[in-house]
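K.L.:
Sharing a structure here in structure tokens format.
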Amino acid sequence: MLKSIAVGASILCATVAFAQQPPQPPAGGRPSIEQIFGFLDADKDGFIAKEEARGPMAQHFEHIDADKDGKISPEELKTVMEARRPPEPANDEADD
């Protein structure tokens, strides 16, 4: 009986943990702003605090935090991501 309860509880916990995982970026693609915030915004306040930032975002936090309020908003992250986006490929249809 206890073994059945333990197995059931572990399946339930695994299901809950899996459901809480942020969506993965497309293969070979960059994660969306929503995915980044879903992964890093631990307190779910809609901002990424310096303590929540990881990797390059932590390294460049002061640059990304444009208004210097100590947190990164989705708009601030979008601005930086768009500035770093590679240029669109030239449209060769006009040459045809």
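Quick note: the coordinates plus some simple rules give every number you see, no bench work behind them. Quick caveat, the model's predicted, so the values are computed rather than measured.
K.L.:
Could you calculate the contour length gain from ASP69 to LYS44, that is, 0.36 nm times the residue separation minus the distance between their Cα atoms, to one decimal place in nm? It would help to have the intermediate numbers written out before the result.
P.N.:
Values: separation 25, 0.36 × 25 = 9.00 nm, distance 1.72 nm.
Difference between extended and current length: 7.3 nm.
K.L.:
Once fully extended, how much extra length lies between PHE61 and VAL80, figured as 0.36 nm per residue of separation less the alpha-carbon to alpha-carbon distance? Present the calculation step by step, with values, prior to reporting the outcome.
P.N.:
On the way: separation 19, 0.36 × 19 = 6.84 nm, distance 1.10 nm.
Full extension of this stretch gives 5.7 nm more.
K.L.:
Now, a different point. Which ³J(HN,Hα) values in Hz, rounded to whole numbers, follow from the phi angles of the stretch 62-73 under the Karplus curve 6.51 cos²θ - 1.76 cosθ + 1.60, where θ = phi - 60° and Gly and Pro get x?
P.N.:
Per residue, the Karplus-derived 3J(HN,Hα) values read 4, 6, 6, 6, 4, 8, 6, 9, x, 8, 9, 8 Hz.
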